[in-house]
Amino acid sequence: MIQTAIIDQIADELYRAEKEKTSVNKFVERFPKLDEALAYKVQDRLIELKCEVENTKRVGRKLGLTSKAKQEMMGVHEPSYGVLLGSMQVFEGEPISISPFIHAKVEPEIAFIFDKEVKGPSVTVADILAATAYIAPALEIIDSRFQGFSFTLPDAVADNSSSSRFMIGERFYKPDQFNLQLMGMVFRKNGEVLATGAGAAVMGHPARAIAWMANRLHKIGQSIQPGEVVLSGSLSGAATIAPGDHFSVSFDGIGSLETVFTQ
Ligand code: 0L1
Ligand code: MG
């Protein structure tokens with residue numbers, strides 16, 4: 001199969017899996033040519049397809065696989081990234097129905113809102129902070145289209161890094177007031193503490209994950225654009241969701257964010 005046919009085939013299957021709520025098997029066995037570089041092309045095609053059909057547009061990006069534990073589990077040394085679309089945003093105070101999801105999970109993250117372009121190569125943590133207008137608490141709802149969340153890195157990249165929905169706090173904070181490495185976080189489910197952590201859980205510093213992405217984007221002629229929101233990666237493992245569950249994340253200095261899931 002030629003490359004463009006592989007890209008279209010995998011993007012179509014992932015799109016259908018999401019719409020029809022039917023998980024698929026890993027693609028790497030059927031398409032041995034599916035490496036990381038080709039997977040990002042599939043991701044681009046999938047996003048193009050969603051923008052066409054859902055009449056939405058790109059509003060930012062997300063980092064995935066930022067924790068050492070997840071990277072080791074997948075045998076990789078790098079994170080991944082995906083695209084955030086306007087249609088994926090949900091707002092605080094709106095209950096989230098789990099009915100469109102296959103097996104969604106929720107993650108506590110820090111969102112960065114950019115007011116300057118960030119273009120590689122050699123982007124540093126300082127460059128990311130200098131281009132960031134605001135940070136805010138965020139929750140990401142991930143939902144892999146693969147059966148049992150079982151995939152390789154190229155599979156997950158093709159699947160837009162398991163992105164599904166995201167929510168960001170409505171109060172924004174300037175990043176220069178905080179040491180993001182040391183920023184404490186408490187993640188609760190139904191009032192009970194599920195996880196605690198600090199910003200350093202994300203590759204030593206959440207902005208380091210975004211710097212990695214900016215340098216990776218440079219290789220394909222892309223950059224972070226002013227106005228974009230970037231979710232910098234989860235500070236803890238992802239939590240499973242059942243109808244009625246209430247989740248909250250509280251950060252030292254930048255407040256909290258909460259949501260409830262319904263059937
Ligand atoms: O946001 C994430 O960390 C998810 C990345 C993709 C892999 C997964 O679903 O765990
Ligand atoms: Mg995430």
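Quickly run through segment 27-39 and pick out the residues that are crowded, with 20+ Cβ neighbours inside 10 Å and either assigned to a helix (DSSP H, G or I) or touching a His at 6+ places or on another chain (Cβ under 7 Å) (or both).
Residue satisfying the conditions is 39 alone.
Identify all residues within segment 225-263 that are over 11 Å from residue 110 (Cα atoms), surrounded by 18 or more Cβ atoms within 10 Å (Cβ to Cβ) and among the β-branched types (Val, Ile, Thr); write none if there are none.
Of everything in segment 225-263, those that are over 11 Å from residue 110 (Cα atoms), surrounded by 18 or more Cβ atoms within 10 Å (Cβ to Cβ) and among the β-branched types (Val, Ile, Thr) turn out to be 241, 259.
In segment 143-190, which residue that is under 15 Å from the mean Cα position of the chain (by Cα), closer than 19 Å to residue 247 by Cα and not charged (D, E, K, R) is surrounded by the most Cβ atoms within 10 Å (Cβ to Cβ)?
Among those residues, the one meeting the criterion is 167.
Given (1) touching a strand residue (DSSP E or B) at 6+ places or on another chain (Cβ under 7 Å); (2) closer than 19 Å to residue 235 by Cα; (3) assigned to a helix (DSSP H, G or I), identify the lone condition not met by residue 71.
Residue 71 satisfies every listed condition except (1).
Can you tell me which condition residue 31 does not meet? The list is (1) touching a Leu at 6+ places or on another chain (Cβ under 7 Å); (2) free of Cβ contacts under 8 Å to residues at least 60 places away in the same chain; (3) aromatic (Phe, Trp, Tyr), and all the others hold.
So the condition that residue 31 fails would be (1).
Return the residue satisfying two criteria in turn: it lies in segment 52-68 and is assigned to a strand (DSSP E or B) and more than 12 Å from the chain's Cα centre (by Cα), and of such residues it is farthest from residue 37 (Cα to Cα).
59
If a residue has to be more than 16 Å from ligand 1 (Cβ to nearest atom) and out of contact with any Asp or Glu (no Cβ under 7 Å at 6 or more places or on another chain) to count, how many in segment 132-144 make the cut?
Summing the residues that are more than 16 Å from ligand 1 (Cβ to nearest atom) and out of contact with any Asp or Glu (no Cβ under 7 Å at 6 or more places or on another chain) in segment 132-144 gives 4.
We did not get these values from a lab; they are worked out from the coordinates using the rules stated. The model shown is predicted, which means the values in this text are computed figures rather than measured ones. Cβ sites come from the backbone with ideal geometry, for glycine too, and all protein chains shown count toward neighbours.
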